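Structure, as structure tokens:
What follows is calculated from the coordinates using simple rules that are stated; it is not laboratory data. These figures come from a predicted structure and were not determined experimentally. Neighbour counts are summed over all protein chains in view; Cβ atoms, including those assigned to glycine, are modelled from backbone coordinates with ideal geometry.
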Amino acid sequence: MPKHLPSLVSDLKSLQIKNQDKFNEPSQIDSVVIVGSTCAGKSVIVDAIRQSYLAMQGIIQIPKRYITRAQRGNDNIVENAFVTTDEFQAKVERGDIGLHWVRKMEGDRKELYGFHQPTQDVLPVYSGNNALYNNPDSVRPEGILRNSLMVGIYAPDDVRRDRLVSRSPDLLRDRPDEVEYRLGDSSENMLPHIDVLVNNYGQNEQVTKSEVMRLVERIVCIRRNLITALDKPVEQYNGKMIRIATQRMGFPDISEKTFEFAERAPGVRILVTDGERILLTKEWRGETQNWDHRLPGGKVFDSLKEYLSGKEKGDSYVQEQALLAAQKELSEETSLRLPIESFKHIGRSIAGATVVWDLHYYVANVPKQEGLLPDITTEEGEQTQPQWFTYEQVQALCLDGNVQEDRSVAALLKFLLSQKN
């Protein structure tokens, strides 16, 4: 067994391995199921996982849980959806619900529990209850928990009683029979069935959320064999256009490192062609103190603040803004005004891990252009000289070093090769 596997939880004070066999092949774990008796603290821990960066990135998922009992005033409606038995069964038949089971309650009463079908290839984290092993014959689909990691949240029965009295006074008042039934399901009943024990009481209660999250992070890294972001970036410097940040990253061997990187808003470059020529701009560049032939382009966002705000809205929003920027920058740098549908996204160039600066490349096909385009002085004081060059001339400019932005050289040569094939 690889040496790093026993250390998967060895540095986590509140966690104990109960089933070492499950850790022999952690890459085979296909879900994490958090179980425990009433008021052991499952929901608090699951909420912390739901708010983690891994969940926000879509690397892990907390599927919606459906319950057939009536909603109570203090229920967590983010975690739970309350449905009728008929609605529950209809969702099962449609395939909306995946993992589901029956929980036997006081007397002959039963409640149905189930989770919305998770996204494929994403690690689901389920918040279950002891019925998963107290009534295993009801668990469906059959065999769904075979490769699950069962994480048991433990708190002594007297601690659970105190929590229940504080959390659900209406249940204590209106359903004393149910209270006694729930508390009668001792926390220790789960011990023969779980793979990891989490002691969620006393001093450990202060660290259980972060330590269970750390366990999930490590499973993700091993399971996907990836370097995975474990936290949001932490800014060290924030300027008008650039920020310096650090970010904690996890590795498949469960080690962690903190990376430092610079990040700026993405840019756009537009390859305009009339089928025989390509439009380049000739500009004096201060960084090289020399003339450069460039693809028209510029910034997608005017400030770091706008970029970070847009980034929070998702990649599709950034793409929308990049398309608008392509149209705007082409007009400003060449006076060539094209409708938005003329621009076709042909790729995104990623600068690297330590310098984050994406360039979005677009191609625009136009009719044969007659006459010269005027020299331009942009609002930022840049002087550009738009010129048309034949494909052969553009290739020579690239190979002779007269197109100095290497990423644009790659885009141009790739385009030219595609025209020959």
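A few remarks follow.
- Rounded to 0.05, the FRET efficiency of the LYS414 and GLN28 pair, given R0 = 51 Å and the Cβ-Cβ distance, is 0.80.
- In plain terms, the residue of MET190, MET105 with the fewest other Cβ atoms within 10 Å comes first and the most crowded comes last, giving MET105, MET190.
- Exceedance of the 23 Å cut-off in Cα-Cα distance is limited, within the set LYS64/LYS209; LYS42/LYS313; LYS64/LYS257; LYS104/LYS209; LYS42/LYS311; LYS232/LYS344, to LYS42/LYS313; LYS64/LYS257; LYS104/LYS209; LYS42/LYS311; LYS232/LYS344.
- Listed from fewest to most Cβ neighbours within 10 Å, the set TRP291, TRP357 follows the order TRP291, TRP357.
- Per-residue packing, averaged as other Cβ atoms within 10 Å, sorts the ranges 282-290, 342-350 into the order 342-350, 282-290, beginning with the highest.
- Two-site FRET efficiency, GLU106 against GLN51, from Cβ-Cβ distance with R₀ of 22 Å, rounded to 0.05: 0.05
- Considering only segment 265-420, percent of DSSP beta bridges that pair antiparallel, nearest 5: 75
- Peptide ranges 246-257, 44-55 listed from the most packed, as the mean C-beta count within 10 angstrom indicates: 44-55, 246-257
- Only Lys, Arg (+1) and Asp, Glu (-1) charged, at Cβ; segment 372-421 dipole about Cα centre in debye: 400
- Once the chain from ALA90 to GLN120 is taken as fully extended at 0.36 nm per residue, the excess over their C-alpha distance is 8.6 nm.
- Between ALA396 and LEU191, the FRET efficiency from the beta-carbon distance, with R0 = 51 Å, is close to 0.10.
- Magnitude of the charge dipole, segment 1-148, Cβ model with Lys/Arg +1 and Asp/Glu -1, debye to 20: 300
- Within segment 183-211: backbone nitrogen closer than 16 Å to the SER166 label point (7 Å, Cα to C-beta): 200-209
- Structure-based [θ]222 nm, the chain - -39500 (n - 2.57) summed over DSSP H runs of at least 4, per residue, nearest 500: -8500 deg cm²/dmol
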